[in-house]
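Data block below; observations after.
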Amino acid sequence: MDIPDSIVNHDTKILWSRLQDQPISLQPLPHPVYFVCNDPDLCEKFAHVSEMPNFEHFYRPERGGSCSWIVQTYLQLKCRGLDVRLVSQYIPDAICVVAREELMKKRLLKSLPFRSYLVVCQQDRPRPFICEHRVVQNLCNVLDEMDHFLPLWSQPDLKKRAPQRGNLVKNLVFKGRFYYLPQTYKSPAFLEQLQALGFCFFLREDYSPDIKDWMDYFEADVALAIRHTPQLYLESKPASKLINAWFAGCPALLGPEPAYQALRQSELDYIEINSPEDVLQALQQLRDEPGLYRAMVENGWRRAQDFTPEKIAGLWRNLLAGPIASGYEQWKQQSFIQKKINRPLQFTYRLMKQERERRRFNLLTGRTKLYRPK
């Protein structure tokens, strides 16, 4: 989709409303697909959905990844006419898609998912092994032919930057969890420097930020996203903050994360920062060069077109109808011995391997500390 001529040298914000695609039907899937969510209430609530509900209606903070990857994907595909179902239990002999965070050891031993053809969304979690396919959100996690990269959906119900703000560069926003932000960006010295230069830093210090804040870019001028976490953890993170900034019409200052760098095609995509001094310099440059600010917004509009709900729904449909359907058909043709003996043995081996990977990931990332406010 080309950017309209009227947006190039005029008010970039006039046509932002066109970014929200209306659901259209996709080609049917060869087999039903079951999205597994351990929340029977959500499964019942959205069993017969025909249009996308508001984000707040299906997102549960305590079930973050399951809602973002499983419930949201189900809703997007269901509203486009595909034969997908949201269930709270694994369905034997069927394609089941589940989030990595649902693969808890005790629950696995009780549910015995080896009877299903399992597709696992890895998220920012340890690599899963109890599956036939992995859906990953970072190219660093594509390690074999069973790994499939798909972008995470952009922020639903995103409130875009106000058109009347024009090229104003004043409000810096941080759309993330406070404890991920390096201490130097929270220091009084940095905050005083921002204020002295005429900038405002909108930073929520809540342990669990209000999801409405994630959506709201109405008064944002520049978005900041940088994390203080081990590299292994960054290699599992998606490029969501960059994509959301493109959709919001808000230039981004980003840390050197693999997901951002993999998408970067030009200097207009975002400004990479490594220190508070880089942030101050970038803000002053954007304020002093309104042409650069406009160019980054217009470039973001173009780049965002590759991440619309329509595009990502199409990628999901092609994956489910292509490699996953082909693998499932072969899996169904396995012999009686393979089904009754080999699968349980393979499940036991995979469970042991997955537990080793979980412990390794947690040790290298200090994962037990990631969700504690600093």
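Since every read-out is calculated from the coordinates, none of them should be taken as a lab result. Keep in mind it's a predicted model, so treat the numbers as computed, not measured. FYI the Cβ positions are ideal-geometry reconstructions off the backbone, even for glycines, and counts take in every protein chain you see.
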Any chance you could check the Cα centroid distance between segment 209-237 and segment 291-326 for me, in angstrom?
19
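Within 10 Å of each residue's Cβ, count the other Cβ atoms and sort Cys140, Cys96, Cys79 from fewest upward.
Numbers: Cys140 18, Cys96 24, Cys79 21.
Ascending number of Cβ neighbours within 10 Å: Cys140, Cys79, Cys96.
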Say the cut-off is 29 Å between C-alpha atoms; which of Lys78/Lys212; Lys106/Lys311; Lys160/Lys237; Lys237/Lys353; Lys78/Lys340 go over it?
Lys106/Lys311; Lys78/Lys340
For segment 91-141, shape from the Cα gyration tensor axes a ≥ b ≥ c, cut at a/c of 1.5 then a/b versus b/c, turns out oblate
Specify whether the C-alpha gyration tensor of segment 16-170 places it in the rounded, prolate or oblate class, a ≥ b ≥ c being the square roots of the eigenvalues: rounded for a/c under 1.5, otherwise prolate if a/b is larger than b/c and oblate if not.
prolate
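Which whole-number percent gives the relative contact order of the chain, counting Cα pairs below 8 Å spaced six or more residues apart?
Over the chain, the number comes to 19 percent.
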Evaluate the charge dipole of the chain about its Cα centre and quote only its size in Debye, nearest 20, assuming +1 on the Cβ of each Lys and Arg and -1 on the Cβ of each Asp and Glu.
1720
With +1 assigned to the C-beta of every Lys and Arg and -1 to the C-beta of every Asp and Glu, and no other charges, what is the dipole magnitude of segment 228-348 about the Cα centre in debye, to the nearest 20?
1000
With a Cα-only, solvent-free Debye model of segment 163-307, what are the log10 I(q)/I(0) values at q = 0.09 Å⁻¹?
-0.25
Antiparallel versus total DSSP beta bridges in the chain: what percent is that, nearest 5?
0
With a/c under 1.5 counting as rounded, go ahead and sort segment 46-125 into rounded, prolate or oblate using the C-alpha gyration tensor (a ≥ b ≥ c being the square roots of the eigenvalues; past the cut-off, prolate if a/b is larger than b/c, else oblate).
oblate
Can you work out the base-10 log of I(q)/I(0) for segment 250-374 at q = 0.12, 0.14, 0.20 1/Å, using the Debye formula on its C-alpha atoms alone?
-0.84, -0.95, -1.13
From Cα pairs below 8 angstrom and at least 6 apart in sequence, can you work out the relative contact order of segment 163-237, rounded to a whole percent?
51
At q = 0.07, 0.09, 0.12 Å⁻¹, what base-10 log of I(q)/I(0) does the Debye formula yield for the chain when every alpha carbon is treated as an equal point scatterer in vacuo?
-0.34, -0.55, -0.95
Just tell me which aspartates and glutamates come within less than 18 Å, Cα to Cα, of Lys339; anything on the same chain fewer than 8 places away is out.
Asp93, Glu132, Glu329
Please name whichever of Ala239, Leu172, Ala196 sits farthest to the positive end of the charge dipole of the chain, dipole taken about the Cα centre and charges placed at Cβ: Lys and Arg +1, Asp and Glu -1.
Ala239
Using modelled amide H (1.01 Å from N, peptide plane; none on Pro or chain starts), what sits under 5 Å from the amide H of Ala239, excluding residues fewer than 5 places away?
Leu152
Just going by the charge dipole of the chain, with Lys and Arg at +1 and Asp and Glu at -1 on Cβ, which of Asn138, Gln285, Ile337 is farthest out on the positive end?
Ile337
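Per-residue ellipticity at 222 nm for the chain, helices alone: DSSP H runs ≥ 4 residues times -39500 (n - 2.57), over residue total, nearest 500 deg cm²/dmol?
Theoretical 222 nm ellipticity from helices: -10000 deg cm²/dmol.
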Show which aspartates and glutamates lie in cross-link reach of Lys45 when reach means a straight Cα distance below 15 angstrom and same-chain residues fewer than eight apart are skipped.
Glu56
What ranking do 83-90, 331-338 get when scored by the average of other Cβ atoms within 10 Å per residue, highest first?
83-90, 331-338
